[in-house]
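The block underneath contains the structure these notes are about, expressed in structure tokens.
No lab work stands behind these numbers, since they all come straight from the coordinates. Quick caveat, the model's predicted, so the values are computed rather than measured. In this analysis, Cβ positions are derived from the backbone assuming ideal geometry, glycine residues included, and neighbour counts consider all displayed protein chains.
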Amino acid sequence: MNTSREFVDARPNHLPVRGFLHLPSNDNGDALILTHGAGANCSSPLLIALADRFCEAGLTVLRCDLPFRQDRPHGPPPRGSAERDQQGLRAAIVSMQRQSSGRIYLGGHSYGGRQASMLAAAEPGLIDRLLLLSYPLHPPRRPDELRTGHFPNLQSPSLFVHGTRDGFGSIDELTTALKLIPAHTQLQAISSAGHELMTKQNSKELSGVVIEAFRSFSW
């Protein structure tokens with residue numbers, strides 16, 4: 001039987017890691033870290049659904065709050081918090097390396113995914129795969145402000161899961177942007193979904209679609 005419990009790792013000289021750890025009954029040795037978008041936390045329905053499904057597939061899953069969310073329960077990340085949030089993800093990776101003996105995957109929704117990809121680009125080899133949910137390619141209605149500066153340095157194979165109605169970037173825009181990444185990439189489009197990705201209509205199927213796409217991409 002899979003279990004989940006509150007998780008805190010507050011070792012000296014590291015940013016604290018806080019969230020929930022999902023422990024599989026049929027552990028395959030691999031681990032996945034999931035984090036949230038700018039307006040959410042690690043208890044968002046999307047992260048819970050994905051964590052449960054990946055745990056059923058045998059992965060140890062940590063869904064964690066970024067440092068900015070640990071500091072304030074509501075509101076977007078303050079200006080200048082990106083580097084600290086990336087270091088918070090690095091601390092989560094170190095924690096999961098102590099929990100699991102296999103591969104370490106890193107994923108996040110929107111802002112969390114962007115920070116995960118920036119960390120992976122800055123430290124090649126730190127993680128094995130990226131799972132980027134609703135990557136915020138540009139602010140809504142501002143397509144010239146692309147957030148792709150780190151893409152040419154991204155060496156980690158990356159699966160992008162993106163809604164066809166996402167205002168932060170169209171499927172065509174994202175397809176073009178992925179050509180900047182030298183590593184292997186794959187784009188899984190979610191029909192009729194916006195930036196939130198999970199809807200009432202797809203809530204039962206979405207996690208299955210994501211895990212099957214990630215399974216064929218990574219396992």
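Some observations on this one:
- Pairs of alpha carbons in the range 3-218 separated by more than 27 Å make up 24% of all such pairs.
- Theoretical ellipticity at 222 nm over the chain - DSSP helices of four or more residues, -39500 (n - 2.57) apiece, nearest 500: -9500 deg cm²/dmol
- The range 104-162 and the range 1-48: distance between their alpha carbon centers, rounded to Å: 19
- Per-bin percent of Cα-Cα distances, the range 87-163 [5 Å]: 3, 16, 26, 26, 16, 8, 4, 2, 1
- Each peptide in 30-43, 93-106, 116-129 gets a packing score, the mean of other Cβ atoms within 10 Å over its residues, and the list from highest to lowest is 30-43, 116-129, 93-106.
- Over the range 98-138: Rg over Rh, Cα atoms, Kirkwood Rh: 1.01
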